[in-house]
């Protein structure tokens, strides 16, 4: 069984020295693209 992960990573900018992560979200699907898991993490 194949799985695919689609993810999105939001930050306050593009500089690793000054910016920080705000949110990470991911969806795991099977080979037919049926959603099997959803993750959503937010930072302060």
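The values are calculated or read from the model by the stated rules, or taken from the named source; none is laboratory data. Because the structure is predicted, anything quoted here is derived from the model rather than measured. Ideal geometry is used to build each Cβ from the backbone, glycine not excepted, and the neighbour counts take in all protein chains shown.
Values computed for the structure shown
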{"item": "In the range 14-35, residue nearest to the chain's Cα centre (by Cα) [restricted to those that are modelled with pLDDT of 95 or more and loosely packed, with under 12 Cβ neighbours inside 10 Å]", "result": "35"}
{"item": "Checking residue 4 against (1) surrounded by 10 or more Cβ atoms within 10 Å (Cβ to Cβ); (2) assigned to a loop (DSSP other than H, G, I, E, B); (3) in contact (Cβ under 8 Å) with a residue 12 or more places away in the chain, the condition it does not meet", "result": "(2)"}
{"item": "Residue list for the range 15-30, restricted to those being in contact with a strand residue (DSSP E or B) (Cβ under 7 Å, 6 or more places away or on another chain) and farther than 30 Å from residue 3 by Cα", "result": "19"}
{"item": "Pairs with Cβ under 7 Å, 6+ apart, first in the range 28-44 and free of Cβ contacts under 8 Å to residues at least 12 places away in the same chain, second surrounded by 10 or more Cβ atoms within 10 Å (Cβ to Cβ) and outside any loop (DSSP other than H, G, I, E, B)", "result": "35/27; 35/29; 37/28"}
